[in-house]
Amino acid sequence: PLCDLSDLALFGARPLFDAPRHVNRPQAPDRAVFDALLDQVWDRRWFTNDGPLVQELERRLCDYLDVPHCVLTSNATAALDLVIHALGLEGEVLLPSFTFISTAHLLHLRKLTPVFCEVGADMMLDPADCAARMTTRTAAIIATHVWGSPCDIDALQALCDDRGIALLLDAAHAFGGRYKGRRLGGFGRAEVFSLHATKAFHACEGGLVTTSDADLAARLRLTRNFGFSGPDRVECAGVNAKMSELHAAMGLANLAGFEDSRAAAMRIHGAYARGLEGLPGLRLKSPPPEEENNHHYLVTEIDAAGFGMDRDALLALLTAENVWARRYFHPGGHRSPPHLGHSPALPRTEALCARVLLLPAGAAATSEEVAQICRLIRFAAARAPEIRAAAGA
Ligand code: T4K
């Protein structure tokens, strides 16, 4: 029970949880399903190089995402690298600063210039800010469906069409979501999903490119495998960005359980919505039902004035209780090496980076644990001035 400041771990009490509750607890598929797939791999002795499970997973994903071409890779960063290379991008690429750092790093390593743009009210790439930062050297826009919600695809596509440049979509968070009724994966020149263990649908490690461009898909199939089109025939330069059969087995087993885990994550979101309802200074991001969001991220924004303490103070309090909340994507790509100092200030992004706090979502906490976390957060808000004073002392 939380009655006094001395009940908080910050001030010496036993933490609320004995072990860390992470923001994320990867989906673990039914072992029987996974083992049966592994038996197939063992029997065939075919472990990688466009194996039957990779091909089956690609087919199933084409069906589920309703896209003509799915190309699996070793991870999403490698997938995006192959796409950038296939499109022959040169010059500047517009991207949000408020996204995972991988895209900016990749552009940098490939001698492209990342041009960081501002967020809109939806935490996503602001098309108007993109338009203002376009130059004759702009080669593409890479936008992210942050937290699994679709970015403003129509506005960004219109901008790209005007300039005759490619729109690429980072769908790492967005498996299963929809935009205007259609599944994400079917937009832009290509979309790239991450199948990393921390993602809603995963293969331990993995990446996926979806596209309706048959030539691009064919090119990616070559370049993910050293450019080989046959046993001793090389068509072009390529790297090793292949997915193994073991990873594909994990993907197939997880795909079978995806809708169940989405439903469970939605229930956890509902538990937070009830537990945090009406709390001043805390905004819970709640995607509308038509998005079919995977609810894999539990995203809050803390307004220091309304809540009584700032996001970082709340983070410290929660971490002490073994609630390992995270402040993704602090401090923002434009303020992270090696990009730091090569971009103008982005005040809206910086303000957002100071407010966002992710809490344990999906399978990372039970409904009862969510209720405990919500009570803790309410206590923090109610006693904020005293906590601030005691923590500062
Ligand atoms: N675009 C976006 C928008 C992305 O978010 C990402 C990846 C990419 C592109 C690139 O995709 P990939 O090239 O990776 O396919 C993690 C992931 O490593 C990274 O893949 C992911 N984004 C990013 C948002 O999250 P960290 O630094 O947060 O990882 P870590 O180890 O702190 O794990 C997060 C939480 O999950 C921890 O609290 C512990 C828990 N966890 C993690 C793993 C790996 C587990 O409970 N079990 C596990 O096996 O980057």
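The values are calculated or read from the model by the stated rules, or taken from the named source; none is laboratory data. Model, not experiment: these values are computed from the prediction. We place every Cβ from the backbone using ideal geometry, glycine too, and count neighbours over all the protein chains shown.
Restrict the check to segment 193-213 and report whether at least one residue is modelled with pLDDT of 95 or more, in a loop (DSSP other than H, G, I, E, B) and among the hydroxyl-bearing types (Ser, Thr, Tyr).
The answer is yes, given that some residue of segment 193-213 is modelled with pLDDT of 95 or more, in a loop (DSSP other than H, G, I, E, B) and among the hydroxyl-bearing types (Ser, Thr, Tyr).
Of a type in the set (Gly, Ala, Ser) and more than 12 Å from the chain's Cα centre (by Cα), is that true of residue 148?
no
Name every residue in segment 316-368 that is touching a Lys or Arg at 6+ places or on another chain (Cβ under 7 Å) and basic (Lys, Arg), in order of residue number.
327, 355
Got a number for residues in segment 68-77 being more than 16 Å from residue 197 (Cβ to Cβ) and either within 8 Å of the ligand (Cβ to nearest atom) or surrounded by fewer than 24 Cβ atoms within 10 Å (Cβ to Cβ) (or both)?
3
Within segment 312-329, can you find the residues that are crowded, with 21+ Cβ neighbours inside 10 Å and part of a helix (DSSP H, G or I)?
Result: 314, 317, 318.
Answer yes or no: is there a residue in segment 354-361 that is crowded, with 21+ Cβ neighbours inside 10 Å and in a helix (DSSP H, G or I).
No, segment 354-361 contains no residue that is crowded, with 21+ Cβ neighbours inside 10 Å and in a helix (DSSP H, G or I).
Of the residues 341, 308, 275, only one is crowded, with 21+ Cβ neighbours inside 10 Å and either away from the ligand (no atom under 16 Å from the Cβ) or among the aliphatic types (A, V, I, L, M) (or both); which?
308
Looking at residue 368 and the list (1) within 12 Å of the ligand (Cβ to nearest atom); (2) more than 25 Å from residue 108 (Cβ to Cβ); (3) free of Cβ contacts under 8 Å to residues at least 40 places away in the same chain, which single condition is not satisfied?
Against the list (1) within 12 Å of the ligand (Cβ to nearest atom); (2) more than 25 Å from residue 108 (Cβ to Cβ); (3) free of Cβ contacts under 8 Å to residues at least 40 places away in the same chain, residue 368 comes up short only on (1).
Taking the stated definitions as given, is residue 80 at pLDDT 95 or above and within 28 Å of residue 110 (Cβ to Cβ)?
yes
I need a count of the residues in segment 234-278 that are within 30 Å of residue 84 (Cβ to Cβ) and either assigned to a loop (DSSP other than H, G, I, E, B) or among the aromatic types (Phe, Trp, Tyr) (or both).
10
Considering only residues that are surrounded by fewer than 21 Cβ atoms within 10 Å (Cβ to Cβ) and outside any loop (DSSP other than H, G, I, E, B), which ones fall in segment 168-192?
Listed by number, the residues that qualify are 178, 182, 183.
Any chance segment 106-117 includes a residue that's more than 17 Å from residue 339 (Cβ to Cβ) and surrounded by fewer than 18 Cβ atoms within 10 Å (Cβ to Cβ)?
Checked segment 106-117: no residue is more than 17 Å from residue 339 (Cβ to Cβ) and surrounded by fewer than 18 Cβ atoms within 10 Å (Cβ to Cβ).
How many residues does segment 6-39 hold that are outside any loop (DSSP other than H, G, I, E, B), away from the ligand (no atom under 16 Å from the Cβ), touching a helix residue (DSSP H, G or I) at 6+ places or on another chain (Cβ under 7 Å) and over 22 Å from residue 369 (Cβ atoms)?
3
Could you please tell me which pairs satisfy a Cβ distance under 9 Å, a separation of 6+ or placement on different chains, a first residue in segment 221-232 that is basic (Lys, Arg) and modelled with pLDDT of 95 or more, and a second residue that is in a loop (DSSP other than H, G, I, E, B) and loosely packed, with under 15 Cβ neighbours inside 10 Å?
Once the first residue is basic (Lys, Arg) and modelled with pLDDT of 95 or more and sits in segment 221-232, no partner that is in a loop (DSSP other than H, G, I, E, B) and loosely packed, with under 15 Cβ neighbours inside 10 Å comes close enough.
Return the residues of segment 130-152 that are in a helix (DSSP H, G or I), free of Cβ contacts under 8 Å to residues at least 60 places away in the same chain and crowded, with 19+ Cβ neighbours inside 10 Å; say none if nothing qualifies.
Residues satisfying the conditions are 130, 146.
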